[in-house]
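The values are calculated or read from the model by the stated rules, or taken from the named source; none is laboratory data. This is a predicted model, so every value here is computed, not measured. A quick note on method: Cβ atoms are made from the backbone with ideal geometry, for glycine too, and the neighbour counts reach across all protein chains shown.
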Amino acid sequence: MNMFDKYFIGGKWVDASVRPRQILLNPATATPYGEVALGTAEDVDAAVQTARKAFSRFSETTAGERQSMLQRVLDIYERRLAAFADAITVEMGAPKTLAYEAQAAAGADHLRATIEALENFAIERPATGNVRLRREAVGVCALITPWNWPMNQIAGKVAPAIAAGCTMVLKPSELTPMSAVLFAEVLEEAGVPAGVFNLVHGDGPNVGTAMAAHPLVDMVSFTGSTAAGVQVAINAAPTVKRVTQELGGKSPNILLRDADFSTAVRNAVEGCMENTGQSCNAPTRLIVPAERHDEIAEYCAEIAKSLRVGDPRDSKTDIGPVVSLAHLERVRNYIRIGRQEGAVLVTGGAEAVEELGAGYFVKPTVFAHVRPEMTVAREEIFGPVLSIVSYRDEDEAIRIANDTPYGLAAYVSSGDGERAMRVARQLRAGQVQINGAAPPAAAPFGGYRQSGNGREGGIFGIEDFTEIKAVALP
């Protein structure tokens with residue numbers, strides 16, 4: 001059994017064995033693999049006080065010093081990449097290949113993008129007239145990260161916070177503590193100064209709330225559900241601290257009439273199902289020409305059926321389990337609601353995958369003839385469920401795409417680049433991918449409306465961890 005009963009505070013591993021424990025279950029087998037000690041407000045206060053003491057000295061380090069530090073972190077991280085991938089497979093069920101090539105690799109991508117951005121980051125520059133502008137570290141940062149892409153989000157926050165000169169306290173998801181502990185070990189080995197990075201395990205209502213409300217925390221960077229993000233903002237409001245959030249999504253994927261449907265449909269299904277649909281930017285609403293709806297639905301079903309659901313330790317597995325029993329029931333309930341509201345189930349369903357035993361597996365599911373007002377077209381399911389909606393003309397496709405409280409990502413396929421770009425400009429989303437093009441880690445990532453505020457990635461991520469100061473010179 002893996003016992004995660006130490007917190008990393010002030011450059012030391014602090015014993016937390018007397019704290020309440022949460023049993024950790026392997027989602028592929030529903031069997032225990034470890035326990036995590038859940039922190040308290042007192043643990044948060046100890047970590048924040050330590051980060052506050054470290055801030056004055058660390059914020060005065062040069063960009064070059066912080067860049068060298070991040071390079072050491074990256075070198076060690078890459079050396080231990082396989083260990084991160086193995087941990088992610090065990091703790092959240094990511095298939096072996098995805099865990100190595102995407103999940104763990106995302107951490108390295110963010111570190112590398114931050115190092116490159118820091119090379120040309122203008123800490124001080126002239127502005128209008130006699131004014132010089134300075135970018136200064138915002139202060140002590142509370143970083144709250146989710147379970148679905150653990151290293152993508154941890155590295156995507158820790159790297160720019162270090163680059164900006166901030167100190168921090170990280171609360172990873174209590175469902176995925178193993179990869180966070182490995183990352184703390186990497187920072188320790190890289191010589192990140194004591195108190196700059198601190199790690200406290202715990203749940204949202206206790207540790208997360210204490211972090212957001214703490215008067216010595218200057219900024220909260222949160223990734224998670226929209227409902228939890230609202231609560232974080234409420235808890236942070238009395239101290240008027242900065243809050244940046246990357247929240248939920250219900251991303252549209254428009255297939256225009258001149259698209260290469262063979263490629264676009266395959267990309268649509270595989271993109272929706274990747275990571276078992278547990279990605280906030282997953283293209284879960286496929287918006288297609290009405291006259292080709294049934295043909296596309298049949299092709300979607302064919303592709304979904306070809307995806308192999310199974311043991312995430314098997315390199316041939318395409319789709320692993322969802323993260324927990326509670327989440328399994330949540331996804332299955334959405335599938336039942338889809339059928340009750342009249343969506344046509346063309347493949348998949350809410351039934352158990354009997355041959356895979358007690359793990360939390362969901363069949364890749366495709367709904368056809370989905371109306372925009374249906375629950376499966378409006379709410380974030382966070383599972384391998386694709387909803388196909390039809391349109392009559394381009395304007396209607398854009399209206400359907402924008403008819404959502406979210407605005408994280410959007411997707412467009414077209415044989416005409418100018419047409420695709422024209423549609424992309426009209427979509428209310430923080431990121432648009434055209435014809436399967438994937439943005440690099442340096443691209444800004446974040447959303448409109450209830451998908452959050454602020455941006456992560458490259459120079460945009462560093463800027464979010466800074467205050468801007470205008471200095472008027474005589």
Residue satisfying condition, being of a type in the set (A, V, I, L, M, F, W, C), within 17 Å of Gly202 (Cβ to Cβ), outside any helix (DSSP H, G or I) and modelled with pLDDT of 95 or more, within set Met178, Met168: Met168
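Go through Asn148, Asn120 for me and flag whichever is of a type outside the set (Asp, Glu) and surrounded by fewer than 19 Cβ atoms within 10 Å (Cβ to Cβ).
Working: Asn148 fails: surrounded by fewer than 19 Cβ atoms within 10 Å (Cβ to Cβ).
From the options Asn148, Asn120, the qualifying one is Asn120.
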Sole residue being surrounded by fewer than 23 Cβ atoms within 10 Å (Cβ to Cβ) and either on the phi > 0 side of the Ramachandran plot or more than 27 Å from the chain's Cα centre (by Cα) (or both), chosen from Glu373, Glu396: Glu396
Failed item, numbered, when Leu247 is tested on (1) under 21 Å from the mean Cα position of the chain (by Cα); (2) without any contact (Cβ under 8 Å) to a residue 12 or more places away in the chain: (2)
Residue in region 119-131 that is in the same structural domain as Leu187 (by TED's automatic domain parsing) and assigned to a helix (DSSP H, G or I) present: yes
Complete set of residues in region 255-295 that are under 16 Å from Leu345 (Cβ atoms) and surrounded by fewer than 21 Cβ atoms within 10 Å (Cβ to Cβ): His293, Asp294
Residue tally, condition free of Cβ contacts under 8 Å to residues at least 60 places away in the same chain and closer than 19 Å to Gly34 by Cβ, over region 84-102: 2
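For Glu60, state whether it is surrounded by 16 or more Cβ atoms within 10 Å (Cβ to Cβ) and of a type in the set (Asp, Glu). Working first, answer last.
Numbers: surrounded by 16 or more Cβ atoms within 10 Å (Cβ to Cβ): no; of a type in the set (Asp, Glu): yes.
When the stated conditions are applied, Glu60 does not pass them.
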